[in-house]
Every structure is written in structure tokens, then in C-alpha cells.
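First up is the structure itself, then whatever we jot down about it.
Every number here is computed from the coordinates shown, using simple stated rules; none is lab data. Owing to the predicted nature of the structure, the values given are computational and were not obtained by experimental measurement. Using ideal geometry, Cβ is built from the backbone for each residue, glycine included, and neighbour counts are taken over all protein chains shown.
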Amino acid sequence: MVIGDPIPRHVQRPEGGLLRKVRDYKYLGCMLQSSKTDFQRNKQLARVALHKLKATWRSTLAMATKAWLFRCLVLSIFLAGAEAWVVGTELRADVIGAYTCMVRYVKGIKLTTGIVYQMPRSVA
């Protein structure tokens, strides 16, 4: 079966019974039909990780250490499966906006400053 081929009316499962038609499904941890759904899920998981490390971000650690922790512990969650996303202008803006909010949180910068951070080229 090839993606995009019409689905036969009845598909038998090897163990018996019929397969049901679904709109979206998860494969290797990624939602295949909707990049937006996958992005929203990853954004929430990354924000949970970010807030669990609040004491670290507010500590007197060097900013280089905080940046390393952010890349390892938060950004890796945020971008998990991103290579499968179909990125249009709307999703790109959402990704940059979420990234900016997370970096501001780490740096302790209020949202009203108007600064927008671009993702590093090695990540984007």
C-alpha cells in the first residue's frame, strides 16, 4: 500500500476483524496527517519541561550553562520529529513564536520588550 492510494473498502487485519479508517495516526511518535497537531503536542511537552526547570533558570548559573541545558532538555523535546513536519508560513511563525517565548522565559525577559529570537541555523 502506498500513501495517497485509495483505501480499499474492507481491509482484513491479520488477527481477524476489519481495520477502521482513521483521520490521523501516530508513527514513531509523530502524528502523520497533521504537522500542526504534532507541533502543538511538542510545544506543550517542552513547556512542561521548561517550567519544571524554573529554579534552574532563576539561579545564578552562567547563561552559557543555561543555554546548554535549554538546548539539551527543552529544545530537543520541542523539535522531536520536526523533520517530518510540513512547514508553511503559519507553522513557521508559530515555531518561531514558541521558541521566542521559551528563550525569554529562560533569560527572564518580559514579553513586552518586542525582541524576537531566531532559532540557530543548526536547529532550524
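For Lys36 and Cys72, FRET efficiency with R0 = 25 Å and r from the beta-carbon atoms, rounded to 0.05? Walk me through the intermediate numbers first.
Working: r = 26 Å, r/R0 = 1.03.
Once the sixth-power term is evaluated, E becomes 0.45.
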- Nearby lysines by direct alpha-carbon distance to Lys107 (threshold 21 angstrom, same-chain neighbours under 8 apart not counted): Lys43, Lys52, Lys54, Lys66
- Projected label distance in nm at Glu15 and His51, using a 7 Å step from Cα toward the beta-carbon: 3.7
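Give, as a single signed number, the net charge of other residues whose beta carbon lies under 12 Å from the beta carbon of Leu91, with Lys and Arg counted +1 and Asp and Glu -1.
So the environment of Leu91 carries a net charge of 0.
Gln44 to Ala93: extension gain in nm, 0.36 nm per residue of separation minus the Cα-Cα distance?
On the way: separation 49, 0.36 × 49 = 17.64 nm, distance 1.65 nm.
Once the chain is fully extended between Gln44 and Ala93, it gains 16.0 nm.
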